[in-house]
Each structure stands twice: as structure tokens, then as C-alpha cells.
Amino acid sequence: MRKGVKVAVVGGVFVVLVGGAGYGAYNILSALNDDGGTASVRTGPPSGAEVKETTGKFFTAWEKGRAATAASYTNYPEDAASLLTAYGQEAHITKVRVTPGAASGDTVPFTVRATVAYKGVSKPLEYRSRLTVVRGETTHRALVDWQPSVVYPRLRKGDTLVTGDTAKAPIEAVDRDGKVLTKEKYPSLGPVLDELRRRYGDKAGGTPGVELVIRHADQNTADTTLLTLAKGRAGRLPTTLSASVQAAAETAVAKYTESSVVALKPSTGEVLAVANHRDDGFNAAFLGELAPGSTMKILSAATLIDMGKATASGPAPCPPSAVSLSQTFHNLKGLAPDDHATLSESFARSCNTAFVKFADEVKVNSLETEAEERFGLGRNNWKVGVPSFDGRVPASDGPDKAANLIGQGQVQMSPLNMASVTATAMTGVFRQPVIVSPKLDGREIATARGLSATTVAQLRSMMNRTATSGTAAGVMAGLGPDFGAKTGSAEVDGQAKSNSWFTGYRDDIAATAMTQDGGHGIDAAGPIVASVLRSGG
């Protein structure tokens, strides 16, 4: 029998069904009805008249607060009924008026105007959304294709709307000098301030307000405020941030899409700035998990020096290629080989092959041990004050052992991690980054051995050379004399360009930036870091 044709017996009569579950070509099928006659069953995309009729009935029921009725016009009535019920009961949204716009095929944009009322306080609510009408796979009816975003565009699966007293009091976050930090003035701080409020709202001395919020399915994600009905009294929350450095960071990342930057105070580990320029709102500056490219050579050089395998002034030849366990590694295009290079020279020129040639000199876990014991990475015990990724430098055998040395392979870092690496290399002391004082909540801060004065002197010398005459010289010009840097570019499968990485320090400020698909370190991340370092600490 031909594919797509089914035969059923209905009341002793053979009925031929043509097509699939309801999304194929338009067909009129015949079946016996209860009266012994025939009834037409439609398949294929809904007609314009069906779209108008279905949306009209759905909107009318929604406006009248008839959640179950409205849900019956969707293809997932149970899920729809749950959210639409919460819309009226938990979110306390009333006086709903839905105004549809002009349909584009089976998609209808619309505007919702309503009132949120709770404990005698009310405010208007207005927003735009859209829905799509599809053919029901079993009912063959024209139905609203149910998505939580139909009810409110920022809702995702499992989210709901709630109006009530805020779980946490509002906070007035202030910088290290007492200047108020708001998400309106510093957009990158939005997710950070929401998280600080979730964690410390009850410790800052404020009183709750009344808000309409998105309560996310992930209980570890702070509620997203949509409308404030009553503000409450904000509690004052001191942070380690610097308003001037934060402003410079916001301006710098705004010039490059998919960019993130973190600035630290090496003498204390305090976070001075965190900024992201991303469409998804993700705090990649703290939570990114990406290969750091050649910025990793700071940690790799420290490993070689601490193991006694190399010194800054010792030999580290830079051949055009190097082979490690059958995998061939190359340098960036245009880098001239140097058979007589020192480690400092290969570091400053960012020679991959020089570091790859040391792969046979280190153990499988050498880099991992250095990262954990001296730089405080990879133990998943940082308590910054908001969520963070603590870096990953796994013990790796095979070609990945060499790849890890140049920041590829299995190594993953965030800009926060690499800023901390730079701070440790500067001072010799690992100070776990913090954004609020641990005295606020008594949390235990991570510790590590740090580096010897001899290792620090060599790392600072190599980073200074990179900033004055190496790959970072162009963007670091004019920032001396107490400064240093390291460039990086990390190749990513499927990307036309590498991820751009750059880390640097000046006086008592260290900063790291990362731009996805940004090219070489000096192309995007470098100018961001230089701008932040110029702002001072």
C-alpha cells in the first residue's frame, strides 16, 4: 500500500485516509458521522478565516478570565490552562483587553492592555506578543500553537507570573565609594544586581515592596521584575565595584558584540567591574566556559618555571611547527621561526610551538596541579557573592596535553578566571575574587599556595615585554611603566574567526576581556582591556 494511505473500518465500511497527521497538503476526507452521513475533515494549514475565528475566540475567553475555555482553543490545553489561570489568580492581572494586529499568514501579533491589582494597589500593564495558529494533529481543528510566550513574550517553559510582596527587599547597591549603581545607568549590572538582591536582600536592611515578576522554572534563577506596584524601602548593599571602572567597561564592550570584561584589584581580589555586551543577557564574564587561547601561557609558563623545566631567560626555540603525539601544531600566520628564542621571547611573540615542545617535559597532571594549588582554579569552591565558573584545567594525556599548554584542548576559562590568573602572576598571592565582602554573610573564601617571588619576577618580566615590544605593544602603548599583558586567540569549530582574548595589568588593576568570533587578541579584546586599564582603579 502507498505510504501515507491508511484504511480504517468504520461501521463496517472501508474508509481511505490520505495524508499525515494534519500538516500535509489540503485534503477533504470523508467519514461516517453519527447520523450515517458524512462529515468533512480538514487538513493542511489553517485558512485566513480559521485563523481569525480561532484567535477571536481565544482572545475573548482570555479577556473574560475563562482560562479553561481559552485553553481549549490551544493544542496544549492543560499547559495553557495552568498558565492562564495563574495569569488571573497568582499574577492578579484583570481588565484584560487584547487588540489583534494584522495577521501574517498564520501568525497574529497583538497588544495586551490590562491592570495589575494587589492589596489595594494597582497599575496599568501593556505589552505586545504574538501567536501562531496551527492545525490540530488529531482534532484537525485550527488551534493556537501554545507557547508560554503567548501570554507574555519573556516567559519560557515552566515559568509563571506572580504578583505579591517581594521575596527579598529591594537593594540600593553602592560602589566602593558609596555611589549608587543601577541597571539603568550600568546595563551590564542588571543580572548581577538581581542576583545580589536575591542573595542579600534580607541582609541589607530594606523592606519588601509589591511586584509583578516572572518566577522562573529554575529555582536558582532570581525572579525577573516586570512591574513594581509599590517600591518598598531599599536596603543599602556595599559592593567592591568602582563606578568609574564600571562605566569604562560598559563603554568598552559596547563597541564589540559578544564581548565580556572583568577588572580586579590584585592587592585584594575585589572585583572593580563586570560588563557584557551580548544579545542573550548571559553573564559570560563570570560564567563563560571557553578556551582562553594563549592567555593560558601565563599559567603554562608558571608551571614550567615551578617545575624547573624552563626560565624566562632560558631556551625555548620557536620552530614553524611542532608535533606532539602525532598532532601537528602551527603558529599564527606570519610569525617567523626562531631557533634561538628564549622563553621570554617566545612568550612575548606568542609562539605556540615553543610551548608545545615542552609537552614531553610535563606530566599528565602538571598543569592541573599548578592551576589548583597555586592559582586556586578548578576546585569549584569560589564564593564570589554571585554565581561564577571557577575554571577547568583537567589532567589530559595525548595531544590535549600539548593543546592545554596553549589554551586549547580541554582547558576552559572565563574572563573572571583569567583576570585572577593575571592578578596572581602580578602579586604571587591568590586572592579569590569577591564582589561583596565575605563579612556580609560569613562565607568561606577559597585559598591557594600562590607563587614564589622568583616565579612572579619572571612572569611580570615576560608580560611587561609582551606589552612593550611583543604582541600586545600596539594596544598597551602609553600605559607604562608598571604594566604587562598577554594576547590570546582561541580557535572554535564552526566559527569563521577565533575568539579574541586579552589580559593585562597596570598598577593595582588587572583586567581580562573576551570577544567571541572577535579574531586575534589585539583585534577586539585588547582595546577593551586597554580602555578599562586607562580608567584607573
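Taking +1 at the Cβ of each Lys and Arg and -1 at the Cβ of each Asp and Glu, which of PRO191, THR160, LEU125 sits farthest along the dipole of segment 105-196 towards its positive end, judged by Cα position relative to the Cα centre?
Farthest towards the positive end: LEU125.
Over segment 390-469, consider all pairs of different Cα atoms and compute the Kirkwood hydrodynamic radius from their mean reciprocal separation; express it in Å, one decimal.
Every distinct Cα pair counted, the radius reaches 14.7 Å.
Can you give the percent of C-alpha pairs in segment 441-492 whose distance is more than 19 Å?
Taking all Cα-Cα pairs of segment 441-492, the fraction more than 19 Å apart is 48 percent.
Once you place label points 7 Å from the Cα toward the Cβ at LYS119 and ASN380, how far apart are they in nm?
So the two model labels end up 4.0 nm from each other.
With +1 on each Lys and Arg Cβ and -1 on each Asp and Glu Cβ, and nothing else charged, work out how big the dipole of the chain is about its Cα centre, in Debye to the nearest 20.
Charge dipole, the chain, about its Cα centre: 1160 debye, nearest 20.
Hey, rough spin-label estimate for LYS363 and GLU137, points 7 angstrom out along Cα→Cβ, what's it come to in nanometres?
5.5
For segment 276-386, count all C-alpha to C-alpha pairs, find those more than 25 Å apart, and express that count as a whole percent of the total.
Taking all Cα-Cα pairs of segment 276-386, the fraction more than 25 Å apart is 33 percent.
If the viscosity is 0.890 mPa s and the temperature 25 °C, what Stokes-Einstein diffusion coefficient in µm²/s follows for segment 244-534 when Rh is the Kirkwood radius over Cα pairs?
The diffusion coefficient I find is 134 µm²/s.
Report, to two decimal places, the Cα Rg of segment 378-518 normalised by 2.2 N^0.38 Å (N = number of residues).
Relative to the rule-of-thumb radius for its length, segment 378-518 sits at 1.11.
Pull out the extension gain between THR182 and THR99, defined as 0.36 nm times the separation in residues minus the alpha carbon to alpha carbon distance; nm, one decimal.
Full extension of this stretch gives 26.5 nm more.
Where does the chain land on Rg(C-alpha)/(2.2 N^0.38 Å)?
Ratio of Cα Rg to 2.2 N^0.38 Å: 1.24.
Are there chymotrypsin sites (Phe, Trp or Tyr not before Pro) in segment 105-213 that DSSP marks as loop and that have at most 13 other Cβ atoms within 10 Å, and which are they?
The qualifying sites: there are none.
I'd like to know which of PRO399, SER469, MET413 lies farthest towards the positive end of the charge dipole of the chain, counting +1 on Cβ of Lys and Arg and -1 on Cβ of Asp and Glu.
MET413
PRE reach from THR268 (point 7 Å along Cα→Cβ): which of segment 432-465 fall under 16 Å by backbone N?
Flagged as within label range: 432-441.
Beyond 25 Å between alpha-carbons counts as too far, so tell me which of LYS297/LYS497; LYS95/LYS231; LYS179/LYS203; LYS183/LYS383; LYS363/LYS383; LYS185/LYS497 fall in that bin.
LYS363/LYS383; LYS185/LYS497
Could you derive backbone 3J(HN,Hα) for segment 69-79 from the dihedral phi with the Karplus parameters 6.51, -1.76 and 1.60 (θ = phi - 60°), listing whole Hz in sequence and x where the residue is Gly or Pro?
For segment 69-79, the Karplus-derived couplings read 5, 4, 5, 5, 9, 10, 8, 9, x, 5, 4 Hz, x marking Gly and Pro.
Taking square-rooted eigenvalues a ≥ b ≥ c of the alpha carbon gyration tensor, is segment 269-330 rounded, prolate or oblate, where a/c under 1.5 means rounded and, failing that, a/b exceeding b/c means prolate?
It is oblate, given that a/c is not under 1.5 and a/b is not larger than b/c.
Going by C-beta contacts inside 10 Å, put CYS318, CYS351 in order with the fewest on the left.
Fewest to most other Cβ atoms nearby, the residues stand as CYS318, CYS351.
Using helices alone, what [θ] at 222 nm do you get for the chain, with -39,500 (n - 2.57) per DSSP H run of 4 or more residues, divided over all residues and rounded to the nearest 500?
-7500 deg cm²/dmol
Since every read-out is calculated from the coordinates, none of them should be taken as a lab result. What you see is a predicted model; the values in this text were computed from it and never measured. Methodologically, a virtual Cβ is constructed for each residue, glycine included, from the backbone with ideal geometry; neighbour enumeration extends over all protein chains shown.
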